[in-house]
Amino acid sequence: MRRGAGARASVSLALLLAGCGDQPAPPPAGNASAPAPTTAAVAAAGSAEKGRQVWLGQCVACHNPDPTKDGPLGPAVKGSSRELVDARVVRGEYPAGYTPKRPTKVMPPRPDLAPSVPDLAAYLH
C-alpha cells in the first residue's frame, strides 16, 4: 500500500470509530419538558455492549458464546433476570424460590464481577 493511502485509511478508520462511542443519543426535538434520566437510572440499566464484553471475556469458558445455547458446563442463560445474575455470579447462590436448570454446584462465586452485574443483566435480558 502506498504511504498516502495508508494515512488516509488510518484517518478514515479513526473518524469511523469516533462515531461509535458510548455517547447517548440527543433527546427528540420538541420534547424539552421530558426529564433527563438520572445517573442512578442509567447505571441501573447497564450497558448491553459492556455486558457482552464481560460475557465473552469471563463466561464463555463454561457457557456458550451465544447465551441462548447451552455451553460445555453452563446452561443457556439468555433472559435471566438481574436478580438471578446478581445472586448466581456474585454470591454463587440462587434467588429464593428459583429452580436451577442444572442441579450442579460447579459455578464459583465471582464477587469481583459485582460492578459488571448491571451490564451482564442488560446483555442477557
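Here, each number is a calculation from the coordinates, and none is a lab measurement. Treat the numbers as computed from the prediction; the structure is a model and nothing was measured. For neighbour counting, all protein chains shown are included, and Cβ atoms are generated from backbone atoms with ideal geometry for every residue, glycine included.
Pull up the cross-link candidates among the lysines for residue 50, meaning alpha carbon to alpha carbon under 16 Å and not fewer than 8 places away within one chain.
By straight Cα distance, residue 50 reaches 78.
Ordered by packing density, taken as the mean number of other Cβ atoms within 10 Å over each peptide's residues, highest first, how do 92-99, 117-124, 56-63, 81-88 rank?
Working: 92-99: 10.2, 117-124: 22.5, 56-63: 14.8, 81-88: 18.1.
Per-residue mean Cβ counts within 10 Å order the peptides as 117-124, 81-88, 56-63, 92-99.
Which of the aspartates and glutamates could a cross-linker span from residue 101 if the Cα-Cα distance has to be under 18 Å and same-chain partners fewer than 8 positions apart are dropped?
Reachable aspartates and glutamates: 66, 70, 83, 86, 93.
If each of residue 91 and residue 112 carries a label point 7 Å out from its Cα toward its Cβ, how far apart are those two points in nm?
Label at residue 91, label at residue 112, 2.2 nm between them.
Work out how much length residue 99 to residue 58 would gain on full extension: take 0.36 nm times their residue separation and subtract the Cα-Cα distance, in nm to one decimal. Could the numbers behind the result be given before it?
Details: separation 41, 0.36 × 41 = 14.76 nm, distance 2.40 nm.
That works out to 12.4 nm of additional length.
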